[in-house]
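Peer 1: This structure is in structure tokens; I'll ask about it shortly.
Where a number appears in this text, it was derived from the coordinates with a stated rule and is not lab data. Computed from a prediction, not measured in an experiment: that's the story for all the values here. Here Cβ is always computed from backbone atoms with ideal geometry, including for glycine, and neighbour counts include all displayed protein chains.
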Amino acid sequence: MARIELLEAKKVNNSGLKPEFKNGYSTFTKQKGTDFRILQLTDLHFGRGFLSIKKDKLAHNAVVTLVERVKPDFIILTGDNIYPIPIFSGTINNMKESKYVGNLMETFGIPWTMTFGNHDTEPFATHTRKELLEYYSSLDNCLLTDGAPGVYGTGNHIVKIDSPEGKTEMALVMLDSNMYLKKSFFSTFDNVHDDQIAWYIEEIKKMDGYTDPVPSLAFMHMPPKEYQEAWAKLKMGKTDEVTYHCGTIAEINDHVGFSRRKKGNFFEEMVKFGSCKGIFCGHDHLNNISMTYKGIRLTYGMAIDYLAYPGIKKKYTNRGGTLITIGDNGTFDVALEPLTTPVEIYE
């Protein structure tokens, strides 16, 4: 691989919109007739060890390129920011990796937050989710909090978008989709638990808005199983049940990495409740589809990963970010932001 020049990360000249802490939530006030722009980045997979030096530079350059191009009002990372797997990265020090991510994000001067993925705190990594949360939440622009004391998971929290009159137009709900059922990389994945679902519903019910319930978007790392169900119906041509928007499922055998845990069905409960208008996840790096199923838009964010999948550094169609544009009265749109700037250099 040829030498890779590191792009300089610097303060981005965006709208300059900053949140206030009101009534227990970090809250953005959106002016009527303007769009609020969210950039979802997922599966950054920074290794920060001796085995991942060049691939980390590529990931750094990808993030810098996307943030400078989109100039978002808010950035949400949906997990697996880091990859403390020693055979790939050369380290298990997930605090060292997290500090690199934190310093990079802070440089942009843009409010941001995150959810944890299954790899951020592997069982053998040096630091726990709680310790990483304490670090991230100490940063000036990071809105991550443990906003649901006593509820399963780490870092469940909500960021609100209000109208100038103080009405909540959209709630952005960050959920920990947790890790593994048996605390092992080789066991099946966990999911969003029942008490997290109950917390979500009760928090939304407390909010004043123009509808009941207030519309919301959910952000998590691992997808609910309905992503696979919707994709299967779409492939069978059941367009009366599933609406296709953009992207595709490109994992081998149409793989969707959902939990086999029998308890907790987040999607079903959200359909019943009626608040959740969209779910945004990562986890499966070659999937980037966006489709609407049972009234909820299901979107895989485009991934950054250069490290975790063998040979993935040479793939282009999966890599980028996802732009979520919030309009007035809880309306929103989703667009893929593929990484087209040539920051990838190969042998």
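Peer 1: What's the FRET efficiency of E269 with E241 using the Cβ-Cβ distance as r and R₀ = 22 Å, to the nearest 0.05?
Peer 2: For E269 and E241, the calculated efficiency is 0.70.
Peer 1: Using 0.36 nm times the number of residues separating E251 and K315, minus their current alpha carbon distance, what extension gain do you get? Working shown, then result.
Peer 2: Working: separation 64, 0.36 × 64 = 23.04 nm, distance 1.23 nm.
This chain segment gains 21.8 nm when fully extended.
Peer 1: What fraction of the Cα pairs in the stretch 186-306, stated in percent, has a spacing above 23 angstrom? Working shown, then result.
Peer 2: Working: 2278 of 7260 pairs.
Every Cα pair in the stretch 186-306 considered, those over 23 Å come to 31 percent.
Peer 1: If you don't mind, there's one more thing I want to ask. Between the alpha-carbon centers of the stretch 113-185 and the stretch 310-329, tell me the distance in whole angstrom.
Peer 2: 21 Å
Peer 1: Give the order of K277, K272 when sorted by the count of other beta carbons within 10 angstrom, beginning with the fewest. Can you show the working numbers first?
Peer 2: Working: K277 18, K272 9.
With the sparsest Cβ surroundings first, the list reads K272, K277.
Peer 1: Sort M114, M270, M291, M236 so that the residue with the fewest other Cβ atoms within 10 Å of its own Cβ comes first and the one with the most comes last.
Peer 2: Working: M114 30, M270 26, M291 21, M236 10.
Listing M114, M270, M291, M236 from fewest to most nearby Cβ atoms yields M236, M291, M270, M114.
Peer 1: Oh, and also: Between E165 and K205, what is the FRET efficiency for a Förster distance of 30 Å, r being their Cβ-Cβ separation, to the nearest 0.05? Show your work: numbers first, answer last.
Peer 2: Values: r = 20 Å, r/R0 = 0.68.
Approximately 0.90, to the nearest 0.05.
Peer 1: Counting only other residues whose beta carbon sits under 13 Å from that of D194, what net charge do I get with K and R as +1, D and E as -1?
Peer 2: Surrounding charge for D194 is -2.
Peer 1: From Cα coordinates alone, what are the radius of gyration and Dmax values for the chain in angstrom?
Peer 2: So, for the chain, Rg and Dmax equal 18.8, 56 Å respectively.
Peer 1: Please give the length that would be gained between E20 and A335 if that part of the chain were fully extended, namely 0.36 nm times their separation in residues minus their C-alpha to C-alpha distance (nm, one decimal). Intermediate values should be presented prior to the final figure.
Peer 2: Numbers: separation 315, 0.36 × 315 = 113.40 nm, distance 2.73 nm.
Here the answer is 110.7 nm.
Peer 1: Oh, and also: Fewest to most neighbouring Cβ within 10 Å: what's the order for C142, C276, C246, C281? Intermediate results must be reported in sequence, preceding the final value.
Peer 2: Working: C142 20, C276 24, C246 13, C281 29.
Ordered by Cβ neighbours within 10 Å, fewest first: C246, C142, C276, C281.
Peer 1: Between L181 and T34, what length comes free when the chain is fully extended (0.36 nm per residue of separation minus the Cα-Cα distance, one decimal in nm)? The partial results should precede the final answer.
Peer 2: Working: separation 147, 0.36 × 147 = 52.92 nm, distance 4.32 nm.
Contour length minus Cα-Cα distance gives 48.6 nm.
Peer 1: Testing the spin-label approximation: label points 7 Å from Cα along Cα→Cβ at I53 and K96. State their distance in nm.
Peer 2: 1.3 nm
Peer 1: Calculate the spin-label point distance for Y135 paired with K11, positioning each point 7 Å from the Cα along the beta-carbon direction, and give it in nanometres.
Peer 2: Going by the 7 Å Cα→Cβ label model, 2.6 nm.
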